[in-house]
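Asks: What follows is a single structure, and I will ask about it in a moment.
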Amino acid sequence: MSDTRHTKVLIIGSGPAGYTAGVYASRAMLEPILVQGMEPGGQLTTTTDVENYPGYTEVQGPDLMIKMEEHARAMGTEIIGDIILDLDLSKRPFTAKGDSGTLYTADTVILATGARAKWLGLPSEEKFKGFGVSACATCDGFFYRGQEIVVVGGGNTAVEEALFLTNFASKVTLIHRRDELRAEKILINRLMKNEKIEPLWDHQLEEVVGDDMPLGVTGVRAKHVKTGEITEIPAKGVFIAIGHAPANELVKDVLDTHMGGYVVTKPDSTATSIPGVFAAGDLTDHKYRQAVTSAGMGCMAALEAEHFIAEQDD
Amino acid sequence: MAASSKMTCLDCGAVNRVPNDKLGAGPKCGTCGTKLNEGKVREIDPAILAKAMKNDDTPLLVDFWAPWCGPCRMMAPAFQQAAGALAPQARLAKINTEDFPKVSQKNNIRGIPALILYQNGREVARQAGAMPANAIEQFVRTKAKMPG
């Protein structure tokens, strides 16, 4: 049953880096294959307004990703809804095993797997995922109209989610393990002015509590990081916004990584420690993590892959 | 063993009984003539869902979604692909939770996309969060009792 597909450029990931690599590699007549992965469109699909992508004063994240996908396809990228489970970069051609059973072989690989939301790792968090515990306020906020909600985190995502959730919730408690936020000043100002939001400083989430029949969250237990004192907060929804980690599972044992798992690339380049393998976007960028920087790195990766292939052919 | 499968017409709500060996022959609703399983995702309302849930022994996977949910929209092509792969043994449908907010309460949905698999009058399995086509197909094949 298994099918083998060869390509000059295999792009893994479907965020701005992946689709931009697709556009450039297609225009270089390299006939790239792009495998979308677990979350087609990537992190921008869980956002609402994007106000900092050039050319768009305001665009919805999912709409932007649909346009990027259409663009890559129109240029000739073959886009496949599959997940790469295993990647062998030890010899060329590189091989990648898809969840569909397809075996992809490739002269070059562009890794654009991005980053994903981090979870706390509590058993109670896992138990109630989809039943009150969420990492996507824009997806699930609607289900908490008039109810009390907890948001966990202290960065931009946490503050943005807390603000967004006040459109629905009667009250939002923001639990943060420090006594100040790491978010942008403009966001902190908005948060402090919002009467529906109550910050709970110096606390961390100890446990999500809820009912079994029907399964659903009823509240949380938060622990003071200094005194150990427990505070119980009633809530129907718990939104986890404690940051993102690079989705490096396919390559973390074979490529050099740093700063908590981000793939290392050569200076002014997307080249990784293996010739012919390039990395772009949030998988490698621990600093900027913007749609536009990811797109730029996707472009670089495709141009570098083109150059690499040309050199091999010589 | 029943040699036939019950399936509610997702268009008019009439209950049809189809011999299992005719599942692949493009059976149509005896009442309204709509094809019962074309391998396409049907947008349904809560009334049709209630009938199908109650009556069908043909597995029915329902995607509870909303237009504002990016992962839901991104999963739509995969869901359609899975519908094609699972026909004629199972059917896939979707319900817009923005248009029908009560259906979310009734089904205890607090996050989307939520995929709920129904068979023989009960919820057989549930998956929170988007999945690619192959995983959707495997979810149905492993959790439901496939007819035929």
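The values are calculated or read from the model by the stated rules, or taken from the named source; none is laboratory data. Being a predicted model, the structure only gives us computed values, none of them experimental. In this analysis, Cβ positions are derived from the backbone assuming ideal geometry, glycine residues included, and neighbour counts consider all displayed protein chains. The area values use the complete protein model at the heavy-atom level, side chains included, leaving out ligands, DNA and RNA. Shrake-Rupley method; radii C 1.70, N 1.55, O 1.52, S 1.80 Å.
Asks: What are the residues in segment A:201-218 that are within 21 Å of A:GLY146 (Cβ to Cβ) and away from chain B (no Cβ under 14 Å), if any?
Replies: Scanning segment A:201-218 gives a single hit, A:VAL209.
Asks: Does segment A:139-157 hold any residues that are assigned to a strand (DSSP E or B) and either within 13 Å of chain B (Cβ to nearest Cβ) or not charged (D, E, K, R) (or both), and which are they? Working first, answer last.
Replies: Our first condition is that a residue be assigned to a strand (DSSP E or B); within segment A:139-157, this holds for A:148-152.
Of everything in segment A:139-157, those that are assigned to a strand (DSSP E or B) and either within 13 Å of chain B (Cβ to nearest Cβ) or not charged (D, E, K, R) (or both) turn out to be A:ILE149, A:VAL150, A:VAL151, A:VAL152.
Asks: Please state which one of A:GLY237, A:GLY260, A:GLY243 is in contact (Cβ under 8 Å) with a residue 60 or more places away in the chain, on the phi > 0 side of the Ramachandran plot and under 24 Å from the mean Cα position of the chain (by Cα). Step through it out loud before you land on a result.
Replies: On the way: A:GLY237 fails: on the phi > 0 side of the Ramachandran plot; A:GLY260 fails: in contact (Cβ under 8 Å) with a residue 60 or more places away in the chain.
Exactly one residue qualifies, and that residue is A:GLY243.
Results for (1) farther than 27 Å from B:GLU137 by Cβ; (2) touching a Pro at 6+ places or on another chain (Cβ under 7 Å), shown as yes or no for each residue.
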{"residue": "A:THR47", "(1), (2)": "yes, no"}
{"residue": "A:ASN52", "(1), (2)": "yes, no"}
{"residue": "A:GLY55", "(1), (2)": "yes, no"}
{"residue": "A:PRO62", "(1), (2)": "no, no"}
{"residue": "A:MET68", "(1), (2)": "no, yes"}
{"residue": "A:GLY76", "(1), (2)": "yes, no"}
{"residue": "A:ILE80", "(1), (2)": "no, no"}
{"residue": "A:LEU89", "(1), (2)": "yes, no"}
{"residue": "A:LEU103", "(1), (2)": "no, no"}
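Asks: Being buried (at least 17 other Cβ atoms within 10 Å of the Cβ), within 12 Å of chain A (Cβ to nearest Cβ) and under 14 Å from the mean Cα position of the chain (by Cα) is the requirement here; does B:ILE112 meet it?
Replies: When the stated conditions are applied, B:ILE112 does not pass them.
Asks: Answer with yes or no whether A:GLU160 is under 24 Å from A:LYS223 (Cα atoms), in a helix (DSSP H, G or I) and without any contact (Cβ under 8 Å) to a residue 12 or more places away in the chain. Please lay out each step first, then the result.
Replies: Numbers: under 24 Å from A:LYS223 (Cα atoms): yes; in a helix (DSSP H, G or I): yes; without any contact (Cβ under 8 Å) to a residue 12 or more places away in the chain: no.
Spelling it out, it is not the case that A:GLU160 is under 24 Å from A:LYS223 (Cα atoms), in a helix (DSSP H, G or I) and without any contact (Cβ under 8 Å) to a residue 12 or more places away in the chain.
Asks: Going by the conditions given, is B:PRO67 in a loop (DSSP other than H, G, I, E, B), surrounded by fewer than 17 Cβ atoms within 10 Å (Cβ to Cβ) and at pLDDT below 95? Full working, then the answer.
Replies: Values: in a loop (DSSP other than H, G, I, E, B): yes; surrounded by fewer than 17 Cβ atoms within 10 Å (Cβ to Cβ): yes; at pLDDT below 95: yes.
Yes; evaluated as a whole, the condition is true for this residue.
Asks: If you scan segment A:19-49, which residues turn out to be crowded, with 20+ Cβ neighbours inside 10 Å and under 24 Å from A:PHE142 (Cβ atoms)?
Replies: Scanning segment A:19-49 gives A:GLU39, A:PRO40, A:GLY41, A:GLY42, A:GLN43, A:LEU44, A:THR45, A:THR46, A:THR47.
Asks: Something else: Are any of the residues in segment A:108-125 open to solvent by 50 Å² or more (accessible area, probe 1.4 Å) and of a type in the set (Asp, Glu)? Please lay out each step first, then the result.
Replies: Filtering segment A:108-125 down to residues open to solvent by 50 Å² or more (accessible area, probe 1.4 Å) leaves A:116, A:118-121, A:123.
Applying the additional criterion that residues be of a type in the set (Asp, Glu) yields none.
Within segment A:108-125 (the criterion being open to solvent by 50 Å² or more (accessible area, probe 1.4 Å) and of a type in the set (Asp, Glu)), the answer is no, since none of the residues qualifies.
Asks: Kindly indicate whether any position in segment B:124-145 is free of Cβ contacts under 8 Å to residues at least 24 places away in the same chain, more than 14 Å from chain A (Cβ to nearest Cβ), over 30 Å from A:SER14 (Cβ atoms) and not in a loop (DSSP other than H, G, I, E, B).
Replies: No, segment B:124-145 has no match at all.
Asks: Output yes when any residue across segment A:187-194 is under 20 Å from A:VAL220 (Cβ atoms), open to solvent by 10 Å² or more (accessible area, probe 1.4 Å), of a type in the set (D, E, K, R) and in the same structural domain as A:THR218 (by TED's automatic domain parsing), and no when none is.
Replies: For segment A:187-194, residues under 20 Å from A:VAL220 (Cβ atoms), open to solvent by 10 Å² or more (accessible area, probe 1.4 Å), of a type in the set (D, E, K, R) and in the same structural domain as A:THR218 (by TED's automatic domain parsing): absent.
Asks: Inspect segment A:14-33 for any residue being assigned to a strand (DSSP E or B) and of a type outside the set (Ser, Thr, Tyr) and give the result as yes or no. Let's see the steps before the verdict.
Replies: Here is the first cut: in segment A:14-33, the residues assigned to a strand (DSSP E or B) are A:33.
Filter once more, keeping what is of a type outside the set (Ser, Thr, Tyr): A:33.
Checked segment A:14-33: at least one residue is assigned to a strand (DSSP E or B) and of a type outside the set (Ser, Thr, Tyr).
A quick yes/no check of all residues on (1) within 16 Å of A:ILE175 (Cα to Cα); (2) open to solvent by 30 Å² or more (accessible area, probe 1.4 Å); (3) not assigned by TED's automatic domain parsing to the domain that holds A:THR45:
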position: A:ASP82; (1), (2), (3): no, no, no
position: A:LEU87; (1), (2), (3): no, no, no
position: A:LYS91; (1), (2), (3): no, yes, no
position: A:ALA96; (1), (2), (3): no, no, no
position: A:SER134; (1), (2), (3): yes, no, yes
position: A:PHE142; (1), (2), (3): no, yes, yes
position: A:VAL152; (1), (2), (3): yes, no, yes
position: A:GLY155; (1), (2), (3): yes, no, yes
